[in-house]
Amino acid sequence: MERCLAPSILSADFGILKEQLQLIDEAGAQYVHFDVMDGMFVPSISFGLPVLKTIRKYTDRLFDVHLMIMDPERYVKEFAEAGADIITVHAEATKHLDATVDLIKNSGAMAGVAINPATPVSSIIHVLDKVDMVLIMTVNPGFGGQRLIPYTVDKVRELSEICKQKKLKLDIEVDGGINLDTIDQVLDAGANIIVAGSAAFAGDVKSNVEALLERM
Ligand code: DX5
Ligand code: ZN
């Protein structure tokens with residue numbers, strides 16, 4: 001599977017978001033990772049539809065929307081209409097995961113399913129053949145700048161093996177604590193979509209993104 005970098009704008013400077021998007025674009029990042037938090041599923045509140053609609057016109061890159069919200073099915077259609085290319089919901093946040101995945105696909109977006117560190121890979125086994133991407137959280141969601149939890153890398157390897165056995169071609173995304181020190185281990189384990197928040201936006205954005213891309 002193709003390897004892509006998804007800088008998370010949660011760590012961007014919101015005052016100059018348009019310029020920051022241009023920088024990651026120029027550096028060659030293929031995706032924009034958009035973290036939506038509701039203060040319920042995770043402790044923080046981040047941003048939502050109005051921000052997505054506003055920045056959608058500043059970049060053609062693929063919008064990778066990570067919904068860290070309870071009952072995400074309530075907003076799938078609106079995020080798809082606002083320009084989300086991939087919509088990822090947490091298995092822990094929706095009562096009817098199978099139906100929510102169908103809803104995403106019917107909205108015209110690609111469907112992703114995310115699992116928290118303590119949620120086993122087996123919990124999503126039955127939807128693997130209908131999703132485009134699985135997001136293995138490598139930290140507990142809610143904040144940027146945390147350290148990667150080592151056992152989550154074993155889950156990436158486990159999922160990658162399952163996909164090989166079942167001949168499933170789906171993207172495996174990792175999110176949380178990915179930087180130049182940790183990127184190699186998640187790539188080796190089989191992840192191909194790499195989210196980077198603080199590693200992309202702290203300091204010189206363009207050179208950060210270029211350095212991460214060079215390792216992929
Ligand atoms: C965490 C978010 C991440 C976050 C990653 O809950 O889902 O996308 O922005 O930030 P870093 O890369 O700094 O851990
Ligand atoms: Zn995220």
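Ranking of ASP129, ASP85 by neighbouring Cβ atoms within 10 Å, starting from the fewest: ASP129, ASP85. For the pair MET70 and LYS53, the difference between a 0.36 nm per residue extended length and the Cα-Cα distance amounts to 4.0 nm. Listed values for the stretch 73-88 are Karplus-derived 3J(HN,Hα) couplings in whole Hz (6.51 cos²θ - 1.76 cosθ + 1.60, θ = phi - 60°), namely 4, 5, 10, 4, 4, 5, 5, 5, 5, 6, x, 6, 8, 10, 10, 10, and x replaces Gly and Pro. Our coupling estimate for the stretch 116-129, obtained by passing each phi through the Karplus curve with A = 6.51, B = -1.76, C = 1.60 and θ = phi - 60°, is 5, x, 8, 8, x, 4, 4, 5, 10, 4, 6, 9, 4, 7 Hz, Gly and Pro reported as x. For the pair GLU161 and GLN146, the difference between a 0.36 nm per residue extended length and the Cα-Cα distance amounts to 2.7 nm.
With 27 Å as the limit on Cα-Cα distance, the pairs of LYS167/LYS206; LYS95/LYS155; LYS53/LYS206 that go past it are LYS167/LYS206.
Distance between the modelled labels on SER123 and ASP188, one decimal in nanometres: 2.8 nm (7 Å Cα→Cβ projection).
Residues of the chain were split at every exposed loop site, defined as trypsin sites (Lys or Arg not before Pro) in a DSSP loop with at most 15 other C-beta atoms within 10 angstrom, and the longest piece left, sites excluded, is 4-56. Distant-in-sequence amide contacts of ILE193, defined by a placed amide H-H separation under 5 Å and a gap of 5 or more residues or a different chain, comprise CYS4, ILE172, GLU173, VAL174. Among GLU2, GLU161, the order by Cβ neighbours within 10 angstrom, fewest to most, reads GLU2, GLU161.
For ALA114, the residues 5 or more places off, or on other chains, whose built amide H falls under 5 Å of its own are VAL89, HIS90, ALA91, LEU135. Applied to the stretch 185-191, the Karplus parametrisation 6.51 cos²θ - 1.76 cosθ + 1.60 on θ = phi - 60° returns per-residue 3J(HN,Hα) values of 5, 6, 5, 4, 6, x, 6 Hz, with x for Gly and Pro. Under a 5 Å amide H cut-off, with hydrogens placed 1.01 Å from N, PHE41 pairs with MET70 among residues at least 5 apart or on other chains.
For the chain, adding -39500 (n - 2.57) for each run of n ≥ 4 DSSP H residues and dividing by the number of residues yields -9500 deg cm²/dmol at 222 nm.
Bear in mind that the values in this text are calculations on the coordinates, not laboratory data. Since the structure is predicted, the reported quantities are computational estimates derived from the model, not experimental observations. Virtual Cβ from ideal backbone geometry, glycine too; neighbours counted across all protein chains shown.
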